[in-house]
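Colleague: Starting off with a structure, shown below.
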């Protein structure tokens with residue numbers, strides 16, 4: 001089971017599990033063990049030392065057998081703690097789910113009630129509840145459960161809100177399900193892991209609270225033993241006969257420690273974010289593990305950025321995903337190079353590898369070189385990369401809402417971007433930031449600079465993203481689908497802005513997209529990627545006019561073009577290959593209508609085809625020659 | 001022939017800045033009163049940019065949102081109780097994000113059975129037969145039924161979403177950006193599948209998208225939405241090649257097309273009108289090259305023109 005395996009990765013959690021299992025087993029078999037009656041007093045034998053003639057752990061102030069009382073007390077404390085946790089979790093989760101699912105006024109009223117409950121110091125609240133109900137173990141249980149309900153309610157409500165707005169809940173409504181059914185069959189299964197996590201981290205706490213109430217004499221009543229009352233009764237003899245306090249105290253320590261360690265392990269194993277490795281902090285630069293360094297090509301001396309046989313892989317467990325499998329690219333100053341491909345083709349990973357921005361682990365650059373102005377960046381010291389990042393090579397990402405920090409104004413973020421590389425005064429940097437905003441044509445730049453990202457529209461935010469990329473007057477901008485999230489009218493504005501900028505400033509742009517229309521309008525040259533490799537490369541007009549690789553040709557045919565009227569669309573059958581299991585030979589062979597046995601044997605290389613063009617196909621479309 | 005779907009004066013207003021007690025601080029009108037008719041067997045495309053109200057409109061049509069005003073008539077019968085279960089038998093919805101529209105903790109079989117059991121009360125045998133029939137229609141293998149959603153690619157998951165919508169046996173499908181989360185090569189597969197299903201099961205589609213080329217390729221008629229109102233309705237082959245509303249023209253000119261030079265078709269500073277403070281006249285006024293005094297004062301009405309090409313503009317092109 002994957003859960004147990006994940007749990008066992010955490011040694012401490014495993015130790016907690018073993019100890020806890022031992023304690024639980026002992027508690028369960030207590031009635032079967034040959035123990036003295038825990039409640040029979042024998043004042044003649046009081047305060048006997050452990051390991052003496054009166055039992056393993058000796059006796060307490062009334063001469064009762066401590067071992068027997070300890071085991072029976074542990075049994076009771078565990079039962080009460082677990083019961084309290086279950087009750088608190090059930091009621092709290094029910095409240096949280098109802099509040100989160102219905103939202104609006106229901107949510108508001110319920111959660112304000114919960115807030116009021118939370119406003120009391122909870123031990124006082126527990127004392128008040130017991131005072132009102134009268135002392136007794138059952139009432140202590142109720143009190144402990146009640147004070148923990150708000151914790152569960154708040155936790156579960158937050159999760160429920162996000163689930164209640166998921167599309168599958170709408171789909172369930174349209175399938176004719178009522179609210180109760182949706183809560184039980186759609187929401188609850190998705191909330192249960194969170195409930196388990198919350199329980200595993202609080203159950204130890206609840207055992208402690210119950211023991212606390214018993215210690216004060218409000219929980220279990222004599223002669224019944226639980227760990228708290230044992231401690232309470234032993235308190236007066238703490239100095240003279242410490243063993244009577246140490247025995248229950250040690251047991252509480254062991255139980256709570258074991259449960260907390262186990263609880264942390266359970267939380268880590270169940271939390272999907274932690275499971276996927278989010279807890280392991282990525283390194284500041286991608287890991288490099290390469291055998292040889294390809295030399296800088298001479299023919300592309302005028303190129304400002306040149307990638308040579310770049311290979312980036314993701315090592316996840318025992319699988320190797322070859323996201324980028326040997327890519328050669330170059331871009332000259334003032335030139336716009338388009339990289340086009342479907343999701344999973346490796347175009348973004350290629351772009352991120354340039355500045356060592358692929359998260360490591362799991363990313364590893366296993367080969368190749370990236371020459372920026374003749375200097376190899378792969379394996380360069382972090383300090384070199386840091387000086388170049390955002391300074392001479394800048395990135396623009398797809399979603400500006402995700403790349404801008406929500407808690408700082410756009411001005412602060414722009415100023416920070418400038419000052420990270422150039423030690424200027426804040427005022428100077430601010431003036432510069434306003435100029436930048438003006439250069440990306442943001443109206444009222446002087447006032448907009450103090451806006452927060454959420455106050456701007458999508459198009460305006462992307463302009464800020466571009467302004468940030470321009471902040472240090474870079475030579476190269478790598479734009480990863482910068483207009484995909486934008487509306488067409490805004491996209492047109494952003495594209496024409498980028499086009500002007502590169503002409504005015506001589507910027508080299510690497511533009512990653514999946515849209516042929518965008519490539520056609522902006523890029524001088526284009527590289528088509530499939531399954532981590534370039535399958536075709538050349539001047540945009542030549543490739544779009546006469547694609548040489550069957551993949552390019554068929555991909556272009558899939559895209560409906562405006563003005564064509566109603567029609568049947570061409571489709572490519574099948575799916576792109578998964579890059580941890582690439583086929584022999586051409587990766588496109590399985591979807592290609594021209595594929596022969598020769599395509600599936602050996603390596604297909606990228607061969608030059610006419611001026612400035614290259615194609616990775618043994619049987620390219622014939623139109624190429626004619627078009628040249 | 002009765003219209004499959006008829007909307008009259010349908011509008012939706014959302015409260016903003018809700019308080020614990022008392023009325024909210026303000027109201028935002030997401031959809032202005034919209035009147036539209038969709039004929040049986042037709043595909044009506046709805047295009048518009050983000051925030052234009054197209055998803056709000058779609059959610060009202062399937063009963064997920066209660067309209068503030070107006071009426072929905074499906075096959076001649078009025079439906080205004082905003083009960084998704086009643087709507088579900090007649091009109092179904094295909095979601096934009098195929099993966100998040102499937103519950104990650106249910107098998108595909110459980111997902112497929114829900115509408116059959118709840119809407120049609122079928123027994124186990126009838127359900128199995130119906131699922132087999134639908135899966136064959138959407139080219140999915142039956143062995144997929146016992147798997148969980150995360151095991152599928154976007155294209156496959158979207159087929160499952162379509163299969164679920166078909167299972168309810170509704171005659172009208174609302175397709176809310178059904179292919180925008182998919183790669184182009186897969187997008188064409190799904191669009192062709194939708195066209196085939198429509199012919200096979202005699203369906204009526206409402207196809208919502210921001211991608212003009214896709215909408216044009218699949219629709220009979222297209223309605224253009226701007227700021228919550230329909231600004232133009234016309235036959236698909238005319239609306240982008242021969243737009244009459246300046247906004248439609250702007251959209252058509254903005255779409256990147258191979259072989260057309262890059263230009264910003266409008267000033268780069270323009271922004272959408274503020275929904276909290278809507279303009280009194282035409283919502284497109286600030287971006288329109290033909291704006292006049294009349295546009296400032298009175299909002300234009302949708303006026304029927306020749307060959308069913310209607311436009312809401314005082315100065316149509």
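Rule-based calculations on the coordinates, nothing more; no lab input. All figures in this text were calculated on a predicted structure; none of them were measured in a lab. Because the Cβ atoms are built from the backbone with ideal geometry, glycine has one as well, and the counts that use them run over all protein chains shown.
Colleague: Determine the calculated [θ] at 222 nm for chain B from helices alone, applying -39500 (n - 2.57) to every DSSP H run no shorter than 4 residues and normalising by the residue count; nearest 500 deg cm²/dmol. List each step's numbers first, then the result.
Modeller: Details: 10 runs with 97 residues, N = 317.
Calculated from helices alone, the mean residue ellipticity at 222 nm is -9000 deg cm²/dmol.
Colleague: Just need the relative contact order of the stretch A:399-473 here, percent rounded to a whole number, with Cα pairs under 8 Å and 6+ apart. Could you put the intermediate results ahead of the total?
Modeller: Details: 82 pairs, mean separation 34.9, N = 75.
Contact order relative to length: 47 percent.
Colleague: Let me ask something else about it. Hey, fewest Cβ within 10 Å first, where do A:133, A:216 land in order? Mind dumping the intermediate values first?
Modeller: Values: A:133 14, A:216 17.
Taking fewest neighbouring Cβ atoms as first place, the list is A:133, A:216.
Colleague: Among B:113, B:301, A:416, which comes first, then next, by fewest other beta-carbon atoms within 10 Å?
Modeller: Values: B:113 22, B:301 11, A:416 15.
Listing B:113, B:301, A:416 from fewest to most nearby Cβ atoms yields B:301, A:416, B:113.
Colleague: Mind running the shape call on the stretch A:399-473? Use the C-alpha gyration tensor, a ≥ b ≥ c as the square roots of the eigenvalues: rounded below 1.5 for a/c, prolate if a/b tops b/c, oblate otherwise. Before the final figure, lay out the partial values.
Modeller: Working: a/c = 1.59, a/b = 1.41, b/c = 1.13.
Prolate, since a/c reaches 1.5 and a/b exceeds b/c.
Colleague: Assuming 1.002 mPa s and 20 °C, estimate D for the stretch A:327-452 with Stokes-Einstein, Rh taken as the Kirkwood radius over Cα pairs, in µm²/s.
Modeller: Answer, rounded: 126 µm²/s.
Colleague: Here's a follow-up. Can you divide the C-alpha Rg of chain B by 2.2 N^0.38 Å and report the result to two decimal places? Working shown, then result.
Modeller: Details: Rg = 20.7 Å, N = 317, 2.2 N^0.38 = 19.6 Å.
Ratio of Cα Rg to 2.2 N^0.38 Å: 1.05.
Colleague: Moving on. Which angle between 0 and 90 degrees, to the nearest 10, do you get for helix B:108-120 versus the longest principal axis of chain B when only C-alpha atoms count?
Modeller: 80 degrees
Colleague: Between the stretch A:1-64 and the stretch A:79-136, how many Å separate their Cα centres?
Modeller: Each part reduced to its Cα centre gives a spacing of 32 Å.
Colleague: Where a ≥ b ≥ c are the square roots of the eigenvalues of the C-alpha gyration tensor, would you call the protein assembly as shown rounded, which needs a/c under 1.5, or, failing that, prolate if a/b is larger than b/c, or oblate? Walk me through the numbers on the way to the answer.
Modeller: Details: a/c = 1.98, a/b = 1.56, b/c = 1.27.
Prolate, because a/c is 1.5 or more and a/b exceeds b/c.
Colleague: For the stretch B:159-317, report the convex hull volume of the alpha-carbon atoms normalised per residue, in Å³, without decimals. Before the final figure, lay out each step's value.
Modeller: Values: hull volume 24.4 nm³, N = 159.
Hull volume over Cα atoms, normalised by residue count, gives 154 Å³.
Colleague: Just for chain B, what percent of DSSP beta bridges are antiparallel, to the closest 5? Provide the component values of the computation, followed by the final result.
Modeller: On the way: 27 of 45 bridges.
Counting only bridges with both partners in chain B, antiparallel ones make up about 60 percent.
Colleague: Something else about it: Among B:23, B:299, B:246, which one moves the most in a GNM of chain B with springs linking Cα atoms closer than 10 Å?
Modeller: Of B:23, B:299, B:246, the most mobile in the Gaussian network model is B:23.
Colleague: Taking neighbour counts of Cβ atoms within 10 Å as a proxy for exposure, in what order, fewest first, do B:253, A:37 appear?
Modeller: On the way: B:253 19, A:37 12.
Sorted ascending by nearby Cβ count, the order is A:37, B:253.
Colleague: Now a separate question. What does the structure give for B:208-220 when I average, per residue, the other chain Cβ atoms found within 10 Å of the residue Cβ? All intermediate terms of the calculation are to be shown ahead of the outcome.
Modeller: Numbers: counts 0, 0, 3, 5, 4, 8, 4, 2, 8, 10, 5, 1, 1.
Per residue, the number of nearby Cβ atoms from other chains is 4 on average.
Colleague: Summarise the partner chain shielding of A:417-428 as one whole number: the mean count of Cβ atoms from other chains within 10 Å of each residue's Cβ.
Modeller: Working: counts 0, 0, 0, 0, 0, 0, 0, 0, 0, 0, 0, 0.
Per residue, the number of nearby Cβ atoms from other chains is 0 on average.
Colleague: Using the C-alpha atoms of the stretch A:478-628, what convex hull volume per residue, in cubic angstrom, is computed? Could the numbers behind the result be given before it?
Modeller: Working: hull volume 21.6 nm³, N = 151.
Spelled out: Cα convex hull of the stretch A:478-628, divided by residues, is 143 Å³.
Colleague: Can you give the % of DSSP beta bridges in chain A that are antiparallel, to the nearest 5?
Modeller: Details: 30 of 51 bridges.
Beta bridges within chain A, antiparallel portion: roughly 60 percent.
Colleague: What spacing in nm lies between the two simple spin-label points modelled at residue A:91 and residue A:596, each 7 Å away from Cα in the Cβ direction?
Modeller: My value for the distance between the label points is 7.8 nm.
Colleague: Let me ask something else about it. Taking beta carbons within 10 Å but only from partner chains, what does the mean come to for residues B:186-195? Please report the intermediate quantities before stating the final value.
Modeller: Working: counts 8, 6, 11, 7, 2, 5, 4, 1, 0, 4.
Per residue, the number of nearby Cβ atoms from other chains is 5 on average.
Colleague: Further, regarding this structure: Between residue A:105 and residue A:138, 0.36 nm times their residue separation minus their Cα-Cα distance comes to what?
Modeller: Stretched out fully, the residue A:105 to residue A:138 stretch lengthens by 8.4 nm.
Colleague: If you don't mind, another one. Rounded, prolate or oblate: pick one for the stretch A:2-156, where a ≥ b ≥ c are the square roots of the eigenvalues of its C-alpha gyration tensor, a/c under 1.5 means rounded, and failing that, prolate if a/b is larger than b/c, else oblate. Please report the intermediate quantities before stating the final value.
Modeller: Details: a/c = 3.52, a/b = 1.71, b/c = 2.06.
Cα axes put the stretch A:2-156 in the oblate bin.
Colleague: Still on this model: Under the definition of Cα pairs under 8 Å and six or more residues apart, what whole-number percent is the relative contact order of chain A?
Modeller: On the way: 1078 pairs, mean separation 69.5, N = 628.
With pairs under 8 Å counted, the relative contact order is 11 percent.
Colleague: Calculate how steeply helix A:188-215 sits against the longest principal axis of the alpha-carbon atoms of chain A, using the helix alpha-carbon long axis, and give the answer as 0 to 90 degrees to the nearest 10.
Modeller: It works out to around 30 degrees.
Colleague: Working from Cα positions, state the angle (0 to 90°, nearest 10) between the long axis of helix B:124-137 and the longest principal axis of chain B.
Modeller: 50 degrees
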